[in-house]
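The values are calculated or read from the model by the stated rules, or taken from the named source; none is laboratory data. Just so you know, these numbers come straight off a predicted model, no measurement behind them. In this analysis, Cβ positions are derived from the backbone assuming ideal geometry, glycine residues included, and neighbour counts consider all displayed protein chains. Areas reflect the complete protein model, heavy atoms only, side chains present, ligands, DNA and RNA absent. Shrake-Rupley method; radii C 1.70, N 1.55, O 1.52, S 1.80 Å.
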Amino acid sequence: MKRAIVLSGGGAKGAYQIGVWKALRKLKLDYSIVTGTSVGALNGAFFVQKDYLKAVHMWYHMSFSHVFEHMDGDYHTLEGKKNILLTYAKGILNGGMDITRLEETLDKYLSVKRFYHSPIDFGLITVNLSDMKPVPICKKDIKPQELKDYLIASASCFPAFPVKEIHGKKYVDGGYYDNIPIHLALDLGADEIIAVDLKAIGLKKKVKDCSVPITYITPRCDLGSFLVFDKTLARRAMRLGYLDTMKTFHKLEGNYYTFYAGELKKITHKYFEPFYQVLDSKLQEYIKSKSSDLNAFVLEMVEFLGKSFAMSEEKIYTARKFHHILKKQFKKTKLLDIRTLKEDFKQNEFNNYMGMVLKHWCQLKDHQEEINKKFHFLPMMKIAAFYLEYIVNNTI
């Protein structure tokens with residue numbers, strides 16, 4: 001069996017793919033083909049080299065200085081974000097940012113010798129801007145001295161990045177043709193594919209051959225901007241890549257949040273079913289009509305509560321730990337003065353204040369009907385609020 005790893009483009013989100021790799025190693029899922037576009041091509045070279053630790057080191061310490069010659073600004077401050085946007089704008093007007101640092105980073109971490117000695121096949125996508133043609137190119141057709149050039153060409157996200165010139169021809173990011181090169185993996189003989197789609201900007205070719213099994217791994221949480229190279233975001237993305245992969249292969253459970261195997265059933269049987277018995281008949285009927293799988297409904301509900309109280313999506317939870325932290329976050333949350341809110345309360349603002357709204361609903365019962373009307377509480381939200389009240393008032 002020839003298993004292929006297909007890595008999409010996605011700029012700074014590429015750290016996620018290294019987290020996926022960690023999970024694949026833990027699962028002992030080997031591969032004989034790697035294809036990639038843009039940052040997927042860069043990471044793909046590490047996959048071919050089998051240099052996992054080098055890839056982790058690079059992304060763990062990722063910063064703008066790994067990619068650009070001149071980039072000032074701390075993404076975690078408002079002023080820093082303004083400086084970053086201004087620098088990008090100036091770079092675009094000048095034909096692209098100076099990516100000398102990216103080339104230096106590749107020189108530091110890329111081992112051409114290991115790449116070509118590896119038995120793993122490789123292919124990438126770039127676009128020949130001079131001829132207006134896509135260029136899918138494979139390992140055997142790339143000269144060792146040109147490997148770095150083609151990797152850079154595949155990742156040249158014009159106009160933020162400059163075009164890459166090779167043999168007098170100008171090349172740009174492969175995402176302008178196929179951001180997730182599954183077809184290239186099929187052409188190289190793959191009969192099983194694990195595709196890591198970062199859900200970034202770029203075109204995607206429709207897969208016509210449905211005979212080859214494809215397992216897609218995609219981010220379930222927001223990874224941030226593809227243009228922000230920051231070690232904190234990169235470390236988070238690696239962690240989420242690992243967790244999402246383990247969930248995809250059913251070693252862990254959950255969607256946005258992650259639970260050890262069997263913990264969701266425990267939440268259903270130990271916590272939700274006793275709570276269900278005290279709900280009014282209308283809400284019980286709603287739950288029955290919503291899903292034939294009670295575990296799926298419970299997961300949706302607890303993840304709604306987790307998001308409402310800003311619980312970390314990087315942890316692996318047991319049922320007990322999830323509820324313990326939820327109660328802790330509930331106690332830390334301030335009460336919301338709904339009288340000060342505008343009547344035209346926007347949905348995105350509503351989501352930001354959800355934890356406060358739910359706490360207000362639980363603790364100030366005289367205002368429950370007022371809250372229901374003001375925020376148009378849906379049945380799921382009502383059930384989640386009742387459940388929150390139930391677990392806060394009971395020892396679990």
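Summary of computed values
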{"item": "Filter pass, LYS382 being of a type in the set (D, E, K, R), closer than 16 Å to GLY254 by Cβ, modelled with pLDDT of 75 or more and open to solvent by 40 Å² or more (accessible area, probe 1.4 Å)", "result": "no"}
{"item": "Residue in the range 161-175 that is aromatic (Phe, Trp, Tyr), over 12 Å from GLY40 (Cα atoms) and open to solvent by 30 Å² or more (accessible area, probe 1.4 Å) present", "result": "no"}
{"item": "Qualifying residue in the range 272-286 (condition: β-branched (Val, Ile, Thr), surrounded by fewer than 14 Cβ atoms within 10 Å (Cβ to Cβ), outside any strand (DSSP E or B) and touching a residue at least 12 places away in the same chain (Cβ under 8 Å))", "result": "yes"}
{"item": "Residues (at pLDDT 80 or above, under 22 Å from the mean Cα position of the chain (by Cα) and assigned to a loop (DSSP other than H, G, I, E, B)) located in the range 65-79", "result": "VAL67"}
{"item": "Pick from the range 190-204, criterion modelled with pLDDT of 95 or more and of a type in the set (Gly, Ala, Ser), ranking: surrounded by the fewest Cβ atoms within 10 Å (Cβ to Cβ)", "result": "ALA195"}
{"item": "Yes/no for PHE249 being under 30 Å from TYR88 (Cβ atoms), open to solvent by 20 Å² or more (accessible area, probe 1.4 Å) and among the hydrophobic types (A, V, I, L, M, F, W, C)", "result": "no"}
{"item": "All positions within the range 102-141 that are in a loop (DSSP other than H, G, I, E, B), small (Gly, Ala, Ser) and closer than 29 Å to SER65 by Cα", "result": "SER111"}
{"item": "Failed condition for VAL298, given (1) within 32 Å of the chain's Cα centre (by Cα); (2) free of Cβ contacts under 8 Å to residues at least 60 places away in the same chain; (3) open to solvent by 20 Å² or more (accessible area, probe 1.4 Å)", "result": "(3)"}
{"item": "First in the range 18-45 and touching a residue at least 40 places away in the same chain (Cβ under 8 Å) and farther than 19 Å from VAL112 by Cα, second anywhere and surrounded by fewer than 24 Cβ atoms within 10 Å (Cβ to Cβ) and of a type in the set (Lys, Arg), Cβ under 9 Å, 6 or more apart", "result": "GLY19/ARG239; ALA23/LYS251; LYS26/LYS251; LEU27/LYS251; LEU29/ARG3; TYR31/LYS2; TYR31/ARG3"}
{"item": "Residues (in a helix (DSSP H, G or I) and crowded, with 24+ Cβ neighbours inside 10 Å) located in the range 25-43", "result": "VAL39, GLY40, ALA41, LEU42, ASN43"}
{"item": "Residue in the range 226-241 that is open to solvent by less than 20 Å² (accessible area, probe 1.4 Å) and assigned to a strand (DSSP E or B) present", "result": "no"}
